[in-house]
Structure formats: C-alpha cells, structure tokens
Amino acid sequence: MTRALALDPRTSADKSQKRRSQMTAALALKLERERRREAQMAESSALKKIVVVDDHELVLNSTVEALKQQYADAQITTAQTAASALAQIAQTQPDVAVVDLALPEQAGQTSRPETGLHLLRTLMQQYPTLNIVVQSANAKSLVRLKPAINAHEGGFIIADKSLSLKEMLTKVEWAMQGLVFTPKEMRTGLEIKPEWLEVLRLAFQEGLQDKAIAERMSVAERTVRHYWTQVQDALGVYPDTGKNNRIQTEIRAREEGLID
Amino acid sequence: MQKRQQLWTTLQREWHIWKSGARLGLAVIGLVALLRLTGGLQVLEWLALDTLLRLRPAEPADEHILIVGIDEDDIQAVGRYPIPDGQLAALIETLQAGQPAAIALDLYRDLPQEPGSADLAALFRTMPNLFGIEKVRGAAIAAPADLPDAQVGFSDLSTDLDGKLRRSALGAYNADQSEFRLSLALRLAERFLSERGISVAQGIRDPYAMRFGRAELPRTQPNTGGYRQLQPFEVETMLLFRSGRQPFERVTMRQVLAGQVESERVRDRLVLIGVVSPSVRDTFNSVATVTGVPAIPAGTIAGVEAHAHATSQIIQAALAGRPLLRDWSEPLEYAWLILWGVLGIGLGRFLVRPAAILAGLGLGIVTLLGLCFGLLLAGWWVPLVPALLAFFLNGAGLTAALFYRHQQDLKWQLRDRQYVIDHTFNAIHSGPLQTLSRLLSKTRSGDLPPDQWESMLAHLNRELRTVYDSVRKEILTEDGSLYLSEEQALDLNGPFEEALYEVYAYTLARDFDCFKTLKFCVTTFDPLETTGLTLEHKRELCRFFEESLCNVGKYAVGATQLEVVCKQEDGNNVIRVTDNGRGLESEKPSKSAPGSQDLGGRGTQIAESIAYQLGGKFQRESILPCGTRCELKWNPGKIRFGV
C-alpha cells in the first residue's frame with residue numbers, strides 16, 4: 001500500500017487515478033475476504049459440537065466440565081445409552097463424539113462393552129468421517145474393531161480411562177484434527193495396510209506431494225491425509241512441539257524397513 | 001432365551017414333518033377314494049363281503065322251506081333226463097298231500113316231457129299253490145303253457161362280473177321290455193306271507209322298493225355298497241345268504257315218492273323242487289355260502305338253493321325281523337373312509353415308537369374288521385376294503401417314515417461323533433501340539449536352557465488341560481463362539497472379518513520363532529460375503545486361518561514380512577497368507593499327502609475339507625525369490641449345502 005502510494009506521483013494523473021481506484025478496490029476485497037474468514041473461523045470454533053456418551057452420570061459431568069473449560073463456546077450434548085447416543089449424533093452431527101465403551105442399550109439395562117462395540121461399529125458405518133474418542137479401561141476388547149478402525153476415515157482416538165484430564169483433552173483435540181491413536185496393547189508388531197505403504201513409497205521414494213499421491217492412487221486428497229495419520233499411528237508418530245511429523249514418519253519408516 | 005429358541009426350532013421341524021406327513025396321508029385318502037369311485041376296489045370289496053358273510057355264525061335251517069333236490073341217484077332211478085312230466089306230477093301230488101303252503105317247480109317245462117305231460121298240465125291248471133319258472137333275460141324260456149300267469153316267477157339270477165351270486169332279482173321287464181315280471185322268490189314269498197296276512201306294499205324309505213310288513217326290500221342301485229356302475233335288474237336286492245352248513249332241510253325225489261317224507265315236514269311249508277345233480281348245469285358260484293348238497297362242488301350252489309335263499313330272506317325278514325342286506329349312503333361311506341384314513345395318520349402322530357405304531361396298526365385293523373363284521377350281522381354292508389387300505393397305508397406308511405427317520409438319526413449321530421473327534425483333534429493340534437513341536441525343535445537344536453524347559457512343560461500341561469473345556473464349550477453350546485484359548489472366545493455371529501482379525505491378532509502374539517524376525521505385516525481385512533456360511537463353516541475357516549499363520553510362525557524361517565489378505569476379489573472371497581521366509585523344505589507340509597500324520601498334513605486336511613465344503617479352492621505354493629503363499633478362495637454363491 002505504501003509502495004503503491006509512493007509510486008503514485010510517478011504515474012500520469014489519469015492513469016494513476018485509474019490504478020489507484022483499482023488497487024483500492026482489490027485491497028478492500030482482500031481485507032473483506034480476510035475479515036470474513038476470521039469471522040468464519042471464530043464462528044466455527046464457537047459452534048464446535050461435541051457429544052459425550054457415558055453411562056455414569058458423575059464421569060459424564062466431569063468430562064463435560066473439562067470440555068467446557070477448553071471449548072468455552074462449544075455445544076455439548078450428552079447421552080447415557082447407546083440408543084440415545086445414536087439419536088443425539090444423528091441430530092447434532094457433532095465434530096467429535098466421546099464414547100465410553102461400557103454402555104447399556106436402553107436406559108435401565110446393564111452396561112456391557114459389547115453394546116459400546118456395536119455402537120462404534122454403527123457410528124463408523126453411518127458416519128465415515130466422524131471424529132471419535134473412545135474411553136475404555138481395556139483397549140484389548142477393541143482389537144476386533146481394528147479392521148473397521150482402519151477403514152474409518154475420521155479421527156479415531158482410544159483414550160485410556162486412567163488418563164489425566166489434561167491428556168484426555170489433548171486426545172480430544174487430536175480427534176478433532178482427524179488423527180488416529182491406538183494404544184500399544186492393541187497391536188501385534190507393526191501392522192500396516194497396503195495403501196499406507198504406497199503413500200510412504202510415493203512420498204519418500206518419489207518425492208510426491210499429497211495432491212500428486214492422491215492422483216496416482218486415484219483417491220481424494222483428504223483420504224491421503226488420513227492415510228498419513230493412520231500410518232503415523234502405526235509408527236508411533238504423534239504431534240509433538242518442535243518436530244516435523246512427516247520427517248519423523250520418514251525416519252521411523254526407514255527404521256522399520258517399510259521403505260528402502 | 002436359548003431354550004426358547006431350541007423349542008421354537010423343534011416346533012418348526014415337527015410342524016414341517018407333520019405338515020408333509022398329513023398332506024401325504026390326505027393324498028392317500030384321496031387316492032383310495034378315487035380308486036373306489038372308478039371301480040378299482042370293486043372286486044376286493046366283493047371278496048371282503050363274501051368272506052365276512054361266510055364267517056357269520058350258523059343259523060338254524062329255515063323252518064318254512066323244504067327243498068326237494070333231484071340228485072344224480074334220482075335221475076339214475078328214473079333212468080332219463082329231463083325227468084318225464086309224469087314223474088314230476090307224481091312227485092307234486094305226493095307233496096300236495098302233505099298240505100304245503102306252496103310248491104315251486106324249479107325246472108323249465110316250456111316243452112312237455114312225455115310221458116305224463118297231460119297229468120302235469122292238469123296239475124298246473126288246478127293247483128293254485130303250484131308255481132313254475134320262466135327265463136326272462138338273455139335266451140328267454142317260456143313258462144309252462146298251462147300254468148296261470150300269477151303262478152309264474154322268473155328264475156333268472158344276477159351274477160356279478162366275477163361270476164358269483166350276491167344279489168337277488170325281484171322284478172324285471174322281460175326280454176322285449178313289454179311286460180314286468182316277478183321272480184320265483186318274490187312269488188313264493190308273496191304267496192307265503194299273504195296267507196299270514198302280510199301283503200306286498202310300497203316301500204316307505206324308498207317308494208320304488210317292495211315291502212312286506214316291516215321288511216322293506218332295499219333296492220340295489222348302480223353304486224350300492226362296493227358296486228360301481230352296476231346294471232341291476234329293475235328291482236333287486238342284495239342276497240344275505242342264510243348261513244350255516246344246512247340252511248334248508250332237503251329231501252330227495254326218491255324219498256318223497258317212497259313216502260319217506262312225513263307230512264309234517266311238508267305242511268305249511270314252501271317246497272322247492274329242483275335239480276341238485278352236478279350233471280345238470282344248474283349251479284351258481286358263491287363263496288359266501290355253502291351248498292347243502294355233497295355232490296355239488298364247493299364254491300357253488302344249486303339254482304334251487306339260490307331261490308331258497310332269496311325266498312327265505314324275505315320271509316324271515318317279514319316274520320322274524322331277520323335283517324336284509326343294506327348299504328350306507330355314499331356320503332356316509334366316504335366319511336367312514338376318511339375317518340379311518342385320519343386315524344391312520346393319527347397313529348404316527350400320537351405314537352412315536354415304531355413298535356407302538358405296529359401295535360396300534362394291528363389294533364386298528366382288528367377294530368375295523370370287528371366293526372365291519374358286527375355291522376354286517378346287523379345287515380349293513382360298509383366299505384371295509386377302502387377304510388382298511390386308507391388306514392393301513394397311512395399307518396404303515398408313517399411307520400416306515402419313522403423307521404427312515406430313525407435311520408437318519410443314526411446317521412446324524414455318526415456324523416456328530418466324527419465332528420467331535422475332528423473338533424477335539426483340532427483343539428489339540430492348534431494348541432498343545434504346536435507347543436510340543438516347538439519344544440522338540442528347540443531340544444534338537446540344543447538351545448533350550450533348563451529353566452525354559454520347565455516353563456514350557458508347564459505351559460503344555462495347562463494347554464492340554466484346557467482342551468476338554470474348550471471342545472466341550474464349542475460343541476455343546478453352539479453359541480457361535482470359537483475358543484482360541486481358554487480365555488479367548490470369538491464371537492462368530494458378528495462381522496466375520498472381525499473374527500478373522502482376532503484370530504490374526506491372537507496368533508501373531510503367540511510365541512513362535514519365526515514371528516520374531518518379522519519386521520512388519522501388511523494386512524487387509526475387508527468385509528467378506530458371508531451369506532451361506534454356517535457357524536461351522538466360519539469356525540473351520542478361523543481354524544484354517546489360524547493354522548496358516550501358525551505355519552508361518554513355525555516354518556517361515558527368516559521371514560521379515562507377512563502379508564495377510566481377507567477380502568473379496570472378483571466376486572470371490574479370498575483368505576491369503578504370504579510370507580517371505582526361506583522355509584524349511586524338509587519340514588514343509590507336503591501338499592500331496594493330505595492323510596499324512598505330520599502337523600502340516602493335518603493343516604492341509606482342514607484346508608482341503610473346508611475348501612470342499614465351500615466349493616472353493618485351496619492352494620499352498622512357494623514363491624520367488626523366497627516365501628510361501630497359502631490361499632483359500634471360494635465363491636460365496638457356490639457353497640455346498642448339507643455336506
């Protein structure tokens with residue numbers, strides 16, 4: 001702007017007049033666009049929607065309290081049974097669902113991990129991009145969901161119930177970013193899907209960017225990004241301040257012999 | 001819950017059995033009815049009637065009838081046949097002296113037989129109680145010329161298609177349909193009864209029937225009783241033969257002429273004169289009664305005897321209330337048939353043990369025979385054969401079906417036993433035997449410290465002890481679980497790829513040497529098409545998958561990568577396990593020997609068995625540069641049922 005104004009005296013009056021008005025318009029447009037984006041972002045953060053599902057009212061309340069502190073403007077809804085959880089999620093279309101594994105199907109029935117497993121299975125089927133945080137005391141019972149989790153395209157975080165509140169909130173944040181986290185005891189060695197291997201090869205051996213990788217693999221770019229989060233989970237690479245995730249991933253992949 | 005479901009399945013199965021059983025039973029009833037309607041059972045019903053008639057208890061000789069039978073000796077004494085009219089006139093005069101109710105001459109005298117025809121003609125004209133015969137059907141034979149028309153009865157007897165006599169004609173139009181004639185039996189009965197104040201009248205139940213007092217003579221119809229499409233004389237009734245060896249008193253012509261027959265034996269009686277010599281063909285087939293004449297072959301009676309029976313049944317019915325032979329209405333007959341058919345079906349329904357059904361069958365048949373016999377004694381001819389047929393076919397048919405079912409049960413039991421044996425071996429093979437083989441190979445290579453020895457043996461001990469429990473759980477509960485180990489139960493009712501994944505996760509966590517060198521596994525667990533897969537199929541597929549992974553753990557020496565694929569490829573379900581290990585050629589299970597007793601052989605056996613059941617293909621092959629690929633592929637649309 002300053003430069004444009006400085007240039008002004010050196011141009012002809014007519015021309016400069018025209019130019020100035022053009023530039024002012026462009027600037028105004030740009031400013032307007034930026035303002036709108038900011039407003040949008042503020043709005044979206046304000047309208048974060050979270051559904052919390054837990055059969056214990058105490059646990060439910062403490063989770064909701066913690067989430068409220070973190071996301072002051074978030075719209076938080078709760079459910080205590082699998083059936084009402086499905087209804088709530090269908091209604092609010094949340095950004096993230098925090099689900100306890102032991103749940104009753106209907107109010108008054110006993111809580112069973114099978115019900116939670118079934119709920120998760122249904123959620124992943126109906127909302128392939130839903131971000132999910134599973135609270136569970138025993139991650140082993142989730143092993144059988146692994147094929148479904150691998151096929152899921154949204155964030156999927158398994159949070160141990162013994163996690164501190166702060167760690168739990170981090171996990172929720174990860175989930176909102178679409179990350180995948182599965183605890184160690186759910187794994188038997190390094191297990192990866194053929195698609196992930198392909199992403200690693202195209203990125204680190206052919207140096208392709210996500211967009212090119214997506215084209216080569218005939219999938220959406222966001223799918224490629226999700227493959228990244230999944231393979232990063234398999235390799236144990238999680239967001240860490242001061243570290244570059246992609247580089248960390250390449251290092252780990254070479255260590256494990258996934259790429260030569 | 002499970003109990004209720006079992007009950008439900010049982011009910012459903014029973015319903016199916018009974019539905020088909022009852023349908024078959026009703027079809028049998030319908031078939032028997034059809035057979036009867038088309039006349040297919042006619043002959044059998046005649047025979048049944050004859051048999052039952054013969055079985056009746058003997059009746060005393062009819063006190064109202066005397067037969068003068070001209071036998072072979074009489075003919076020899078006279079010296080010629082036909083008997084001359086003079087002889088007959090003498091005979092009739094002698095008899096008339098005894099004051100009989102009537103005398104019937106059952107001999108054709110359309111032509112005079114000299115000598116003495118004038119004497120006989122005079123008797124014909126003057127004796128109002130002397131009856132003669134004519135023949136109205138077929139080649140007609142005229143009555144004696146001098147006999148008044150009211151004293152002429154026809155002697156035609158209606159025999160059935162099998163040549164046997166069961167009916168008695170009472171009235172018929174003569175050959176040219178010009179005149180309605182009455183039978184000799186009816187004439188005699190009418191004469192005899194009118195003297196006792198009982199005259200012939202119109203029937204009450206059937207206005208076209210004849211009636212003597214309370215005795216209405218039931219008319220034989222085309223479909224009477226067991227008859228089908230019968231063409232009876234105009235008025236006819238069934239013949240309820242007088243039973244017993246000596247239904248009528250009988251004397252010979254010689255005895256009469258010699259004065260040996262006291263007048264008491266003649267007085268007020270109907271005297272029938274006829275030939276009873278086999279040399280004269282005047283006999284009729286009948287197995288329902290027996291002839292009183294020794295010379296006449298069994299199964300036949302003399303014509304004069306037949307007329308005596310026909311006359312006797314009318315007189316006895318009118319005077320003594322002796323029953324006449326009647327039949328049921330058609331609806332009642334078929335209701336009876338259906339009743340017995342349904343009883344036959346009921347046998348199988350209410351009795352389960354074949355022996356009980358046989359007993360029930362016997363009891364039912366005896367009851368049916370007894371009922372039919374009792375009803376016959378009361379004068380009812382009820383359909384025995386159709387009812388018997390429907391009852392027996394349904395009862396015995398169901399018995400046979402039960403025997404068949406019993407045999408099927410036996411087959412299933414054998415199958416189940418084989419299944420238990422296989423199951424047990426599978427459980428031993430995938431657990432303790434694997435540990436044992438590991439122990440063996442370590443011992444051979446000598447790198448087993450003593451402390452590990454003990455821990456491995458303890459492990460083996462534990463594994464062996466859990467075999468029983470896990471097998472029992474799998475077989476008895478049928479709850480859709482597969483027990484990988486004591487504490488690891490797999491839900492086979494959920495998504496199948498999840499179950500396979502659990503097998504994968506469980507197996508890879510096991511302590512196999514070759515798993516230790518693995519750097520990573522490339523896995524694909526996509527949903528498989530599971531329609532048509534039974535729990536047992538799924539269980540065996542899991543076992544196969546477990547076995548394939550175990551083989552990698554045991555034989556894929558130096559493997560760094562493992563590729564596991566469970567997905568659909570071109571409409572086929574594929575389970576594939578590929579490793580890049582060197583393998584141990586010597587220990588590698590051979591494809592060509594499925595019956596061999598080594599561990600891999602057992603695995604191959606499982607694989608080939610499940611591949612066969614699913615109509616799929618099993619392959620195990622080495623790949624280059626090194627590694628083994630084990631693959632099971634099947635088309636979900638081609639699963640064999642009930643193998």
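Look at B:ASP119 and say whether it is outside any helix (DSSP H, G or I) and either at pLDDT 90 or above or out of contact with any His (no Cβ under 7 Å at 6 or more places or on another chain) (or both).
The answer is no for B:ASP119.
Looking at the range A:102-135, which of its residues are crowded, with 22+ Cβ neighbours inside 10 Å and over 21 Å from B:PRO495 (Cα atoms)?
A:ASN131, A:VAL133, A:GLN135 - these are the residues of the range A:102-135 that are crowded, with 22+ Cβ neighbours inside 10 Å and over 21 Å from B:PRO495 (Cα atoms).
Are there strands (runs of 3 or more DSSP E) fully within the range A:127-235 with at least 3 residues that are under 25 Å from A:ALA87 (Cα atoms)? List them.
Numbers: elements: A:131-136, A:156-160, A:190-192.
So the answer is A:131-136, A:156-160.
From the residues in the range B:190-233 that are of a type in the set (A, V, I, L, M), without any contact (Cβ under 8 Å) to a residue 60 or more places away in the chain and in contact with a helix residue (DSSP H, G or I) (Cβ under 8 Å, 6 or more places away or on another chain), which one is surrounded by the fewest Cβ atoms within 10 Å (Cβ to Cβ)?
Among residues in the range B:190-233 that are of a type in the set (A, V, I, L, M), without any contact (Cβ under 8 Å) to a residue 60 or more places away in the chain and in contact with a helix residue (DSSP H, G or I) (Cβ under 8 Å, 6 or more places away or on another chain), the one surrounded by the fewest Cβ atoms within 10 Å (Cβ to Cβ) is B:VAL200.
Checking B:GLU546 against (1) at the interface with chain A (Cβ under 10 Å from one of its Cβ atoms); (2) part of a helix (DSSP H, G or I); (3) under 24 Å from B:GLU569 (Cβ atoms), only one condition comes out false. Which one?
(1)
Does B:ALA90 count as among the aliphatic types (A, V, I, L, M) and surrounded by fewer than 16 Cβ atoms within 10 Å (Cβ to Cβ)?
no
Look through B:ILE273, B:ILE315, B:ILE345, B:ILE301 and report the one residue that is closer than 30 Å to B:LEU31 by Cα, in contact (Cβ under 8 Å) with a residue 24 or more places away in the chain and out of contact with any Pro (no Cβ under 8 Å at 6 or more places or on another chain). Explain how you work it out, then say what you get.
Working: B:ILE273 fails: closer than 30 Å to B:LEU31 by Cα; B:ILE315 fails: closer than 30 Å to B:LEU31 by Cα; B:ILE301 fails: closer than 30 Å to B:LEU31 by Cα.
That would be B:ILE345, the only listed residue that is closer than 30 Å to B:LEU31 by Cα, in contact (Cβ under 8 Å) with a residue 24 or more places away in the chain and out of contact with any Pro (no Cβ under 8 Å at 6 or more places or on another chain).
Residues that are over 30 Å from B:ALA122 (Cα atoms) and not hydroxyl-bearing (Ser, Thr, Tyr): which helices (runs of 4 or more DSSP H) entirely in the range B:42-98 hold 1 or more of them?
Per the criteria, B:42-55.
Looking at (1) without any contact (Cβ under 8 Å) to a residue 40 or more places away in the chain; (2) over 30 Å from B:GLY213 (Cα atoms), can you tell me which one B:VAL280 breaks?
Of (1) without any contact (Cβ under 8 Å) to a residue 40 or more places away in the chain; (2) over 30 Å from B:GLY213 (Cα atoms), only one is false for B:VAL280: (1).
Being of a type in the set (Ser, Thr, Tyr) and closer than 30 Å to A:ALA72 by Cα, is that true of even one residue in the range A:168-184?
Yes, some residue in the range A:168-184 is of a type in the set (Ser, Thr, Tyr) and closer than 30 Å to A:ALA72 by Cα.
Go over the candidates B:LEU410, B:LEU388, B:LEU402, B:LEU398 one by one and state the one that is at pLDDT 80 or above and either buried (at least 19 other Cβ atoms within 10 Å of the Cβ) or in a helix (DSSP H, G or I) (or both). Even if it seems obvious, please write down each step before you answer.
Working: B:LEU410 fails: at pLDDT 80 or above; B:LEU402 fails: at pLDDT 80 or above; B:LEU398 fails: at pLDDT 80 or above.
Checking each option against the conditions leaves just B:LEU388.
Quick one: which of B:GLU502, B:GLU487, B:GLU498 is within 14 Å of another protein chain (Cβ to nearest Cβ) and either modelled with pLDDT under 70 or not in a helix (DSSP H, G or I) (or both)?
Values: B:GLU502 fails: either modelled with pLDDT under 70 or not in a helix (DSSP H, G or I) (or both); B:GLU498 fails: either modelled with pLDDT under 70 or not in a helix (DSSP H, G or I) (or both).
Going through B:GLU502, B:GLU487, B:GLU498 in turn, just one is within 14 Å of another protein chain (Cβ to nearest Cβ) and either modelled with pLDDT under 70 or not in a helix (DSSP H, G or I) (or both): B:GLU487.
Going through the range A:160-194 one residue at a time, which ones are small (Gly, Ala, Ser), without any contact (Cβ under 8 Å) to a residue 40 or more places away in the chain and away from chain B (no Cβ under 14 Å)?
A:SER162, A:SER164
In the range A:143-159, how many are over 22 Å from A:VAL224 (Cα atoms) and either more than 14 Å from chain B (Cβ to nearest Cβ) or of a type outside the set (Lys, Arg) (or both)?
2
Looking at B:THR517, B:THR530, B:THR560, B:THR523 in this structure, which one is closer than 20 Å to B:ARG438 by Cβ, in contact (Cβ under 8 Å) with a residue 24 or more places away in the chain and either out of contact with any strand residue (DSSP E or B) (no Cβ under 7 Å at 6 or more places or on another chain) or within 12 Å of chain A (Cβ to nearest Cβ) (or both)?
Criteria check complete, one pass: B:THR517.
From the list A:LEU197, A:LEU179, pick out the single residue that is closer than 14 Å to A:TYR227 by Cα and crowded, with 18+ Cβ neighbours inside 10 Å.
Just a single option satisfies the conditions, and that option is A:LEU179.
Condition check: at positive phi and of a type in the set (Gly, Ala, Ser). Does A:GLY178 satisfy that?
yes
Out of the range B:357-374, which residues are touching a helix residue (DSSP H, G or I) at 6+ places or on another chain (Cβ under 7 Å) and closer than 18 Å to B:ILE345 by Cα?
Once the filter is applied, which keeps residues that are touching a helix residue (DSSP H, G or I) at 6+ places or on another chain (Cβ under 7 Å) and closer than 18 Å to B:ILE345 by Cα, the range B:357-374 yields B:ILE357, B:LEU358, B:GLY360, B:LEU361, B:GLY364, B:ILE365, B:LEU368.
Have a look at A:LEU60, A:LEU86 and point out the one that is within 25 Å of the chain's Cα centre (by Cα), surrounded by 13 or more Cβ atoms within 10 Å (Cβ to Cβ) and either assigned to a strand (DSSP E or B) or modelled with pLDDT under 90 (or both).
From the options A:LEU60, A:LEU86, the qualifying one is A:LEU60.
Out of all the residues in the range A:68-83, which are under 21 Å from the mean Cα position of the chain (by Cα) and surrounded by fewer than 21 Cβ atoms within 10 Å (Cβ to Cβ)?
Matches in the range A:68-83: A:LYS68, A:GLN69, A:GLN70, A:ALA72, A:ASP73, A:ALA74, A:GLN75, A:ILE76, A:THR77, A:THR78.
Which residues, counting only those in the range A:217-260, are in contact (Cβ under 8 Å) with a residue 24 or more places away in the chain and among the polar types (S, T, N, Q)?
Within the range A:217-260, A:THR223, A:THR229, A:GLN230, A:GLN232, A:THR249 meet the criteria.
The values are calculated or read from the model by the stated rules, or taken from the named source; none is laboratory data. It should be emphasised that the depicted structure is a prediction, and the values quoted were computed from it without experimental measurement. For neighbour counting, all protein chains shown are included, and Cβ atoms are generated from backbone atoms with ideal geometry for every residue, glycine included.
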